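None of the figures in this text is laboratory data; all of them are computed from the coordinates on show. In this text the structure is predicted, and so the values were computed from the model without any measurement. Cβ: placed from backbone, ideal geometry, glycine included. Neighbour counts: every protein chain shown.
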Amino acid sequence: MLECTIAGSLPKPSWLAEPDRLWAPWRLSGDALAGGKRDATLIALKEQEDAGIDIVTDGEQSRQHFVHGFLENIHGIDFGHRVEMGIRADRYKALCPTVTGPLSLSGRVHETEARFARAHTRRPLKFTLPGPMTIADTIADAHYNDRPTLAMALADLLNQEARALEADGVDVIQFDEPAFNVYLEEVGTWGIAALERAAAGLRCRTCVHICYGYGISANIAWKETLGAEWRQYERIFPVLARSRIGQVSLECRNSHVPMELLRLLEGKDVLVGVIDVATEMVETPEEVASLIAEVARYVPLERIFPCTNCGMAPLPRTLSSAKLAALGAGSALARQRLC
Ligand code: ZN
């Protein structure tokens with residue numbers, strides 16, 4: 001009980017990519033880059049194991065960004081034709097590649113890193129993929145010209161890769177859908193349908209991660225506009241509770257989400273963010289354990305998985321390591337007290 005995990009990403013070593021930023025350019029190329037990704041994956045796994053993280057990830061060491069990493073092996077996307085666009089309802093600008101034709105996978109996307117990670121840990125392995133709504137929000141479209149249609153096409157590709165990842169030995173497949181917290185209406189009309197299509201036929205555990213974004217300045221400024229109570233989850237949790245997705249990963253530490261909203265996820269495993277990724281302050285094990293105890297008032301213990309609020313990719317490595325240790329130690333303390 002109270003097995004802990006991380007949202008997905010960890011910072012990359014500075015010899016692999018520029019530190020402390022998103023979309024960090026690689027510092028290696030060719031065979032050296034491939035070898036560097038493998039070495040960084042080993043470090044990410046070892047650090048999680050040493051910190052007492054029960055369900056580990058590859059730390060997303062092999063992709064430059066959680067969305068665009070998936071898009072690099074897809075026919076119908078032109079990376080040479082990048083457009084600056086406002087994403088997440090224009091919260092910030094990103095340079096996005098363009099869909100120029102029908103989408104299809106040109107082969108496996110994450111086979112190398114998934115199999116490598118599987119070969120080097122005995123712990124349950126989680127693998128993250130961007131969700132269809134979030135990809136559709138992070139790409140320019142000059143072909144489908146209709147966001148739900150584009151999302152469904154992306155969902156088919158995600159499903160193809162997700163089934164292959166399951167065959168590679170991945171235990172949990174998580175779709176990252178930060179866009180769910182932005183387009184609340186669309187979640188019900190087509191977002192969940194696209195997500196379920198991406199997860200169709202999977203026998204392994206399935207998860208959706210819905211946060212308020214990385215701890216970058218645009219997100220911190222946005223959060224300040226959301227008021228004293230963040231009730232976005234209130235709109236989407238009932239829809240998620242009825243879906244076929246097994247687990248929901250959400251933001252909790254230092255967020256203004258009213259705790260009683262967690263009751264709306266009855267029947268689902270809840271990956272509770274007990275580590276804030278938007279502050280340099282490191283949580284103490286005591287703080288982690290007491291937040292878990294508070295969550296336990298609303299979610300049955302056997303359904304609670306302590307987790308980070310979001311990915312830690314943009315954080316300094318020393319900070320991320322300290323937060324990993326706090327997550328592991330705090331979860332152990334909560335197990336002692338509550339189980
Ligand atoms: Zn996130």
Inset, instruction - Go ahead and set up a Gaussian network model of the chain, Cα springs under 10 Å, then flag whichever of 329, 119, 278 fluctuates most. - result: 119
Inset, instruction - Among 16, 232, 327, pick out the residue whose Cα is farthest towards the positive end of the charge dipole of the chain, where Lys and Arg carry +1 and Asp and Glu carry -1 on C-beta, about the Cα centre. - result: 327
Inset, instruction - Note the count of lysine pairs whose C-alpha atoms are less than 28 angstrom apart in the chain, limited to pairs 8 or more residues apart or on different chains. - result: 18
Inset, instruction - Would you grab the residues whose amide H sits under 5 Å from the one on residue 230? Only those 5+ places off in sequence or on another chain, please, with H modelled 1.01 Å from N. - result: 256, 257
Inset, instruction - Using Cβ-Cβ distances only, list the Cys residues of the chain with no partner cysteine under 4.7 Å, sorted by number. - result: 4, 96, 204, 207, 252, 307, 339
Legend entry - Within region 114-194, trypsin sites (Lys or Arg not before Pro) in DSSP loop having at most 14 other beta-carbon neighbours inside 10 Å: 122
Inset, instruction - Only Lys, Arg, Asp and Glu count, each charged at its Cβ (+1, +1, -1, -1), so figure out the dipole size of the chain about its Cα centre, rounded to 20 debye. - result: 420
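So what is the diffusion coefficient of region 180-231 in µm² per second by Stokes-Einstein at 10 °C and 1.306 mPa s, using a Kirkwood Rh over Cα pairs?
Taking Rh from Cα pairs, D becomes 120 µm²/s.
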Inset, instruction - Could you pull out every residue, at least 5 positions away or on a different chain, whose amide H is within less than 5 Å of the one on residue 92? Hs are placed 1.01 Å off N in the peptide plane, and Pro or chain starts have none. - result: 87
Inset, instruction - Would you grab the residues whose amide H sits under 5 Å from the one on residue 4? Only those 5+ places off in sequence or on another chain, please, with H modelled 1.01 Å from N. - result: 54, 55
Inset, instruction - Decide, for the chain, between rounded, prolate and oblate: order the square roots of the alpha carbon gyration tensor eigenvalues as a ≥ b ≥ c, take rounded if a/c falls under 1.5, and otherwise choose prolate if a/b is larger than b/c, else oblate. - result: rounded
Legend entry - Value of relative contact order over the chain, rounded to a whole percent, pairs C-alpha under 8 Å and six or more apart: 21
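Nearest-5 percent of antiparallel DSSP beta bridges in region 30-338?
On the way: 9 of 35 bridges.
Among the beta bridges of region 30-338, antiparallel pairing accounts for roughly 25 percent.
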Inset, instruction - Please compute the net charge surrounding residue 194, taking Lys and Arg as +1 and Asp and Glu as -1 over other residues with Cβ under 12 Å from its Cβ. - result: -3
Legend entry - Prolate/oblate/rounded label for region 205-287 (Cα gyration tensor, a/c 1.5): prolate
Inset, instruction - Provide the per-residue ³J(HN,Hα) series for region 298-313, in order, calculated from phi with Karplus coefficients 6.51, -1.76, 1.60 and θ = phi - 60°, each as a whole number of Hz, with x at glycine and proline positions. - result: 10, 10, x, 3, 5, 9, 9, 10, x, 8, 8, 4, 7, x, 9, 3
Legend entry - Whole-Hz ³J(HN,Hα) from phi, Karplus 6.51 cos²θ - 1.76 cosθ + 1.60, for region 79-92, glycine and proline x: 6, x, 10, 9, 10, 7, 9, x, 10, 6, 6, 6, 5, 8
Inset, instruction - Determine ³J(HN,Hα), in whole Hz, for all residues of region 128-135 in sequence, where each value follows from phi through the Karplus function 6.51 cos²θ - 1.76 cosθ + 1.60 and θ = phi - 60°; x replaces Gly and Pro. - result: 9, 10, x, x, x, 5, 5, 5
Inset, instruction - Taking the Cα centre of region 81-209 as origin, sum charge times position over the Cβ atoms of Lys and Arg (+1) and Asp and Glu (-1), and report the length of that vector in debye to the nearest 20. - result: 540
